[in-house]
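Contents: one structure, followed by commentary.
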Amino acid sequence: MTKLNVGEESPGGGDRAPTSIAQVVTTDNHIFVIFPPGQGVIIPRRAFTDQVEMNSFANDLERCSEYGDD
């Protein structure tokens, strides 16, 4: 199990940022990154140059996922 450290504290010094990825869900147009306990980020397809880049990024996230398929 690998955890991706994405930060200890928010830039404003408030609540702690998530420190691991619980799940990555990919559709044709979005990547959904879920952090425990149920927080998430939606990354649209338009954030990437092409579908290949999006898929590569999603695969990298999945490798860092706490519950990813091994």
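The values are calculated or read from the model by the stated rules, or taken from the named source; none is laboratory data. Since the structure is predicted, the reported quantities are computational estimates derived from the model, not experimental observations. Ideal geometry is used to build each Cβ from the backbone, glycine not excepted, and the neighbour counts take in all protein chains shown. Areas reflect the complete protein model, heavy atoms only, side chains present, ligands, DNA and RNA absent. Shrake-Rupley method; radii C 1.70, N 1.55, O 1.52, S 1.80 Å.
May I ask you to list the residues in the stretch 48-58 that are part of a helix (DSSP H, G or I), more than 15 Å from residue 24 (Cβ to Cβ) and open to solvent by less than 70 Å² (accessible area, probe 1.4 Å)? Within the stretch 48-58, just 51 meets the criteria.
For residue 14, the test of being at positive phi and modelled with pLDDT under 85 is failed.
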